[in-house]
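Colleague: Structure below; questions to follow.
The values are calculated or read from the model by the stated rules, or taken from the named source; none is laboratory data. Predicted model, so just to flag it, every value in this text is computed and none were measured. Don't worry about glycine lacking a Cβ; one is built from the backbone with ideal geometry, like all the others, and counts go over all protein chains shown. When the accessible area is computed, the model is the full protein with side chains, heavy atoms only, and any ligands, DNA or RNA have been set aside. Shrake-Rupley method; radii C 1.70, N 1.55, O 1.52, S 1.80 Å.
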Amino acid sequence: MADGIAVEGLRLIHAALPRVMAEPKDLEARSAMMAAAMMGGAAFQKGLGLIQALVRAISPHVEGHQGMITSPLIFPVLRFNRPVIETKLEQLSATLRLPAHNADAVITWLNELMTVLAAPRSLKQLGITETQLDKIAQNTVLDPAILTNPVAANVSDVRSILEEAYSGIS
């Protein structure tokens with residue numbers, strides 16, 4: 001059920017967020033975004049995984065909200081989880097009616113969305129230093145959210161993900 005709720009939330013975001021960005025007073029689009037946010041909250045019941053564990057380990061080191069901290073992490077974590085979530089990404093691309101029905105189409109859509117939002121693409125942009133990455137990796141694997149990630153991750157895996165996010169590899 002959580003997957004279905006999450007997918008519907010993403011469908012609403014796909015349709016409404018560009019409209020809100022272009023016309024902030026578009027109440028219909030803003031209402032859709034509010035509904036999508038509530039769906040995202042409901043979908044959390046499944047678990048937040050590696051992204052949330054990383055965000056909680058990074059947040060004491062930066063100023064900013066979770067969305068800004070999450071943005072540089074999305075692509076490295078997607079790459080890490082991709083072997084297990086490939087089919088879900090293909091299904092999502094079809095639901096969103098993206099030009100192609102595959103995981104790459106979802107990644108392209110997310111890249112475009114991040115550009116529209118002017119979201120930070122690297123941990124370096126958030127003020128994280130390379131010397132902080134080891135401690136962040138160690139704290140990440142201690143966070144219980146990591147247990148709900150579809151692929152098990154150890155300190156070395158997390159350190160590699162952080163290196164990608166630090167450099168801003170999309």
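Colleague: State all residues of segment 85-103 that are of a type outside the set (Gly, Ala, Ser), in a helix (DSSP H, G or I) and either touching a residue at least 12 places away in the same chain (Cβ under 8 Å) or within 21 Å of Ser160 (Cα to Cα) (or both); if no residue qualifies, say none. Can you show your working first?
Modeller: First, pick out the residues of segment 85-103 that are of a type outside the set (Gly, Ala, Ser): 85-92, 95-99, 101-102.
Among the residues that remain, those that are also in a helix (DSSP H, G or I) are: 85-92, 95.
If the condition is that a residue be of a type outside the set (Gly, Ala, Ser), in a helix (DSSP H, G or I) and either touching a residue at least 12 places away in the same chain (Cβ under 8 Å) or within 21 Å of Ser160 (Cα to Cα) (or both), then Ile85, Glu86, Lys88, Leu89, Glu90, Gln91, Leu92, Thr95 are the ones that fit.
Colleague: Which one is nearest to Tyr166 (Cα to Cα), of the residues in segment 32-65 that are open to solvent by 40 Å² or more (accessible area, probe 1.4 Å) and of a type in the set (S, T, N, Q)?
Modeller: Ser59
Colleague: Can you tell me which residue within segment 115-130, out of those that are closer than 23 Å to Arg159 by Cα and not in a loop (DSSP other than H, G, I, E, B), is farthest from the chain's Cα centre (by Cα)?
Modeller: Among them, the one singled out is Glu130.
Colleague: Is it the case that some residue within segment 76-99 is of a type in the set (Gly, Ala, Ser), open to solvent by less than 70 Å² (accessible area, probe 1.4 Å) and under 11 Å from the mean Cα position of the chain (by Cα)?
Modeller: There is no residue in segment 76-99 that is of a type in the set (Gly, Ala, Ser), open to solvent by less than 70 Å² (accessible area, probe 1.4 Å) and under 11 Å from the mean Cα position of the chain (by Cα).
Colleague: Is it fair to say Asn149 is of a type outside the set (D, E, K, R), modelled with pLDDT of 95 or more, touching a Gly at 6+ places or on another chain (Cβ under 6 Å) and closer than 26 Å to Lys46 by Cα?
Modeller: It is true that Asn149 is of a type outside the set (D, E, K, R), modelled with pLDDT of 95 or more, touching a Gly at 6+ places or on another chain (Cβ under 6 Å) and closer than 26 Å to Lys46 by Cα.
Colleague: Next up: For Val7, all conditions in the list (1) modelled with pLDDT of 95 or more; (2) touching a Ser or Thr at 6+ places or on another chain (Cβ under 7 Å); (3) surrounded by fewer than 18 Cβ atoms within 10 Å (Cβ to Cβ); (4) part of a helix (DSSP H, G or I) hold save one; what is the number of the exception?
Modeller: (1)
Colleague: Do you know which of the residues in segment 21-31 that are at pLDDT 95 or above and surrounded by 14 or more Cβ atoms within 10 Å (Cβ to Cβ) is farthest from Met114 (Cα to Cα)?
Modeller: Top of the filtered list is Asp26.
Colleague: Any residue in segment 126-145 that is closer than 17 Å to Thr70 by Cα sitting within a Cβ distance under 8 Å of a residue that is among the polar types (S, T, N, Q) and surrounded by 18 or more Cβ atoms within 10 Å (Cβ to Cβ)? List the pairs, counting only those 6 or more apart or interchain.
Modeller: What qualifies is Asp143/Gln52; Ala145/Gln52.
Colleague: Do we find a residue being at positive phi, out of contact with any strand residue (DSSP E or B) (no Cβ under 9 Å at 6 or more places or on another chain) and aliphatic (A, V, I, L, M) anywhere in segment 114-128? Step through it out loud before you land on a result.
Modeller: So the first thing to find is which residues in segment 114-128 are at positive phi, and the list is 118, 127.
Subset that is out of contact with any strand residue (DSSP E or B) (no Cβ under 9 Å at 6 or more places or on another chain): 118, 127.
Those still in the list that are aliphatic (A, V, I, L, M) too: 118.
Yes; the residues of segment 114-128 include at least one that is at positive phi, out of contact with any strand residue (DSSP E or B) (no Cβ under 9 Å at 6 or more places or on another chain) and aliphatic (A, V, I, L, M).
Table: residues versus (1) more than 30 Å from Pro18 (Cα to Cα); (2) open to solvent by 60 Å² or more (accessible area, probe 1.4 Å).
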{"site": "Pro120", "(1), (2)": "no, no"}
{"site": "Lys124", "(1), (2)": "no, yes"}
{"site": "Gln132", "(1), (2)": "yes, no"}
{"site": "Thr140", "(1), (2)": "yes, no"}
{"site": "Asp143", "(1), (2)": "yes, no"}
{"site": "Leu147", "(1), (2)": "yes, yes"}
{"site": "Arg159", "(1), (2)": "yes, no"}
{"site": "Glu164", "(1), (2)": "no, no"}
